[in-house]
1. In segment 392-404, which residue that is out of contact with any Leu (no Cβ under 9 Å at 6 or more places or on another chain) and crowded, with 16+ Cβ neighbours inside 10 Å is nearest to Ile353 (Cα to Cα)?
2. Name the single residue, out of those in segment 287-316 being within 34 Å of the chain's Cα centre (by Cα) and hydrophobic (A, V, I, L, M, F, W, C), that is modelled with the lowest pLDDT.
3. Output the residue which, of all residues in segment 153-192 that are assigned to a strand (DSSP E or B), more than 15 Å from His225 (Cβ to Cβ) and among the charged types (D, E, K, R), is farthest from the chain's Cα centre (by Cα).
4. Looking at Tyr576, Tyr633, which is the one that is surrounded by 14 or more Cβ atoms within 10 Å (Cβ to Cβ) and either farther than 25 Å from Asn487 by Cβ or touching a His at 6+ places or on another chain (Cβ under 8 Å) (or both)?
5. Quick one: in segment 292-346, which of the residues that are charged (D, E, K, R) and part of a strand (DSSP E or B) is surrounded by the fewest Cβ atoms within 10 Å (Cβ to Cβ)?
6. For segment 22-58, which positions are touching a residue at least 40 places away in the same chain (Cβ under 8 Å) and aromatic (Phe, Trp, Tyr)?
7. Go through segment 59-74 and give me each residue that's over 43 Å from the mean Cα position of the chain (by Cα) and either surrounded by 20 or more Cβ atoms within 10 Å (Cβ to Cβ) or without any contact (Cβ under 8 Å) to a residue 12 or more places away in the chain (or both).
Amino acid sequence: MKRIDLLSFGITIFFLWAILFQVDFLEIFDLKIMDFFYKVRGKVDVEPSVVVVGIDEYSLSALEVDGDTWPWKRDVYGKLLEKVFADGAKVAAFDVSFTEAGDDESDSYFTSTLLMYGNVVLGTYLINDKSTYMSYDKRLRDVMEENTSYIDYAYRMDNFKALGLLNPFRVYKIRPVYEPFATSAYSASYEIGSLDADGIVRRIPLLVVEDWSRENAVSSGIFPHMDVITAALFSDVSPTDLVIDFSEKSVVLKDRSIPFDSSGYMHLWYYGRGNEVFKEVPFYDVMNGNFAPGTFRDKVVIVGYTATAKGLYDLRITPFSTEEAGVFVHANAVENLIRNDFIAPFTPFNNAIVLLVVMAIVVVLTRLKGTSVNTILLIIPIAFLVISYVMFLERMYIATFYPITAVLVVGITKTLGDFLRENAEKRKMKEYLYRYVPDKVAEILIGSGELKLGGETRDVVVLFSDIKGFTSRSEKLTPEEVVAFLNVYLTQMSEVIRYKYDGMIDKFIGDAIMAIFGAPVSYGNEIERALRCALDMRTALRELDERLGLDLDSGIGMHYGPAIIGNIGAPFRMDYTCIGDTVNTASRIEHLTREVDAEIIVSEEIVKRTEAFEFEYLGSYSVKGKSEELRLYKLVREKVT
């Protein structure tokens, strides 16, 4: 298989994994492409059915002058409702919580206006987990558990069994609105739910699953979002008649269906920056009737904090703004629900199919000859981006990052990288192999042709050798003396390993040596060669001691087993090396030569595979990384035949 095919296969598998498991750090790049499409498309001109009444700094300061500081008395909300409904508003929704009692007089006034106008939705917040809920004072919990008016608005359900296939927005408890208000108006959660991986709001949950209701068997526990109830009232659909179909993954709103994804979220179709799309009127002006007649006629009125409301932080990041007031996100969502405007993203499965088709085309192209192939490979991402944008304008979004990135990687690699990389890898391999393996082995490897990242699993003997106490001895020498000695010592040991026993020196680690027998070329007698090599290394060290007048001693550890062998690393640096548990075990065995009376220690895996040597059983030892003890032996000598 050609390397370009391997690259295509590898990147396809990687991106399939990223798509199907929705890996956050890669999904962010795809989400940014959607944001780019928004920027290219710009603001959409619509005649919105939603008007925002802003709790802004102006309204806060004006009411403060009037003697009402935040939080305001509830009568101001009643006065606001009187004004907007008198002007012809169809529905009013509050992105403000009313969970506690205020003073009796203002609460009574607000309650009476709620009863009078009917089509009012009060938002509330959520208690995400049971431990938080249980930390509340029991008296408050009792009050909340008796206040169950919101349960009346639970979805009617079709195909309930399909809920098990979804992963919806789940909380422990919806904090009920203050009971007099809850019995006089509709109420639901206003929370936006989980943000996308990059912290941007691109979707809202159409359903909230409340575990408390299910635990206490008071309801199905599946409730609509505040924006759904608001849009339903505007469409003359009673919130008690809302139907959710789990098989179709949609909410039925009168004569249309609103789809949601496997997490129960509707993907928003943003019209632009909130204050440029939706009319905003200050709360104080509305309460005092200071607005043009007809401003609210046949409109949804959403009341909430704006970006200027200091201390009342409810800012969100959207594709159009880094400081979008949450009330405008709700306005956009309600407008989407009313207009049947929403993005229908491809499912992960469909995105995976698209990626497979695109990469299949790429693989076919890479097998063709001709200079035009590379040009086509570089055109495909541009064409895909254009097609994806056209689909985006039609309210569909296909995961774009993965196909265009995969094609670009393959195309650029084929066009610019193959020749240079192959030659660079071969040069590096030659330099490496000729230093650390016998020449004939190096010729076999280089003559095999394809040098690539990765490798294979082979059974090998791994040998570790180390000078005992060298660190303390080297402290008494100058750096020049240390280097000079190491060069002499390592050269002597290398000649034994490489030229006498055809072993491969994997690496030098200071005075330590790691050698491999059985790779990259296997002769079938790896264990015998390795054992003879260890004995001769000890002999060579004694000769070196006599020549230099030293008294050095070494420890050698050996183990046999499977290891991953290959040209491993990054394109800019690769080593033909050996990794795996066998390597780690051999290293641990070598360290034991400092603790037991043995210069050469081998594992039972070696002993049971040869009868040509004498061994002395040392016992069972625990080594790091092994759950079971190792039976270890001292290599005594080669048997005389």
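The values are calculated or read from the model by the stated rules, or taken from the named source; none is laboratory data. The model shown is predicted, which means the values in this text are computed figures rather than measured ones. Note that each Cβ is placed from the backbone with ideal geometry, even for glycine, and that neighbours are counted across all protein chains shown. Quick note on the areas: whole protein, heavy atoms, side chains included, nothing else; ligands and nucleic acids left out. Shrake-Rupley method; radii C 1.70, N 1.55, O 1.52, S 1.80 Å.
1. Going through the qualifying residues, I end up with Ile398.
2. Looking at the filtered set, the residue picked out is Leu312.
3. Per the stated criteria, the residue is Arg156.
4. Tyr633
5. Among them, the one singled out is Glu323.
6. Once the filter is applied, which keeps residues that are touching a residue at least 40 places away in the same chain (Cβ under 8 Å) and aromatic (Phe, Trp, Tyr), segment 22-58 yields Phe25, Phe29, Phe37, Tyr38, Tyr58.
7. Result: Ser61, Glu64, Val65, Asp66, Gly67, Asp68, Thr69, Arg74.
Every residue, every condition in (1) of a type outside the set (D, E, K, R); (2) in contact with a Phe, Trp or Tyr (Cβ under 9 Å, 6 or more places away or on another chain); (3) open to solvent by less than 20 Å² (accessible area, probe 1.4 Å); (4) under 27 Å from Tyr621 (Cβ atoms), yes or no:
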{"site": "Val521", "(1), (2), (3), (4)": "yes, no, no, no"}
{"site": "Ala530", "(1), (2), (3), (4)": "yes, yes, yes, yes"}
{"site": "Ala534", "(1), (2), (3), (4)": "yes, no, yes, yes"}
{"site": "Met537", "(1), (2), (3), (4)": "yes, no, yes, yes"}
{"site": "Gly549", "(1), (2), (3), (4)": "yes, no, no, no"}
